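The values are calculated or read from the model by the stated rules, or taken from the named source; none is laboratory data. Worth saying up front: this structure is predicted, and the values here are computed from it rather than measured. Here the Cβ positions follow ideal geometry from the backbone for every residue, glycine too, while neighbour counts run over all protein chains shown.
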C-alpha cells in the first residue's frame, strides 16, 4: 500500500517572519555550498523587494512545518520576477516545488502580470529541469544578470496560468 504524501499548504506571509527567514537562510547556505562560496547566495534579495505592491512572498507548510518558499516581485511593466524558490532537501521529490511555482505564477497573473522571469545557475539541474518542464524558455540574460556566464535566465508567458 502506498502512503499518501502530506499536502503542501501554501500561504502568503511577510518575508521577515522567522519561518520565512529560516527558509531563506537555508537556501542561501545551500547556494553558497553548491558554488563553493564563489557567489552571493542572497541573490541580491531583500525582504523589502517583495513587500511592494505587485509582489508576494509565500511559504509552503507540511503539517504546520515550513518546508518551502517562493516569491515574485515587479521587474518591469507586465513582467514579474520569481525569487527565492526553495524546498528543504528532506522534502524534495514530492512535487512541492511545482506546487509552489504554480502558485507564484497564478498569483502573478492575478496581480496583472503577463509573464514571469527568473534566474538560476548552471549547477542547479533540478531547478532547470523543473522550469523547462513547466514551459519556461531560455532568454538572454536580463538586468543584473547580463554578461554573467553562469547565470541562466528563463521566461514564461502566463496565458494559461491557473
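Here are 109, 98: which of them is touching a strand residue (DSSP E or B) at 6+ places or on another chain (Cβ under 9 Å) and either in a helix (DSSP H, G or I) or without any contact (Cβ under 8 Å) to a residue 12 or more places away in the chain (or both)?
109
Please determine, by comparing only the residues of the stretch 114-141 that are in contact (Cβ under 8 Å) with a residue 60 or more places away in the chain and in a loop (DSSP other than H, G, I, E, B), which one is nearest to residue 78 (Cα to Cα).
Ranking the candidates gives 124 first.
Suppose the filter is at pLDDT 95 or above and not in a loop (DSSP other than H, G, I, E, B); does residue 70 pass it?
Answer is yes for this residue.
Name the residues in the stretch 27-43 that are surrounded by 11 or more Cβ atoms within 10 Å (Cβ to Cβ) and either over 23 Å from residue 92 (Cα atoms) or modelled with pLDDT of 60 or more (or both), would you?
If the condition is that a residue be surrounded by 11 or more Cβ atoms within 10 Å (Cβ to Cβ) and either over 23 Å from residue 92 (Cα atoms) or modelled with pLDDT of 60 or more (or both), then 27, 28, 29, 30, 31, 32, 34, 35, 39, 40 are the ones that fit.
If you take the residues of the stretch 128-162 that are at pLDDT 95 or above and under 19 Å from residue 31 (Cα atoms), which of them is surrounded by the most Cβ atoms within 10 Å (Cβ to Cβ)?
131
Can you tell me which residue among 100, 107 is at pLDDT 95 or above and either within 17 Å of residue 151 (Cβ to Cβ) or crowded, with 22+ Cβ neighbours inside 10 Å (or both)?
100
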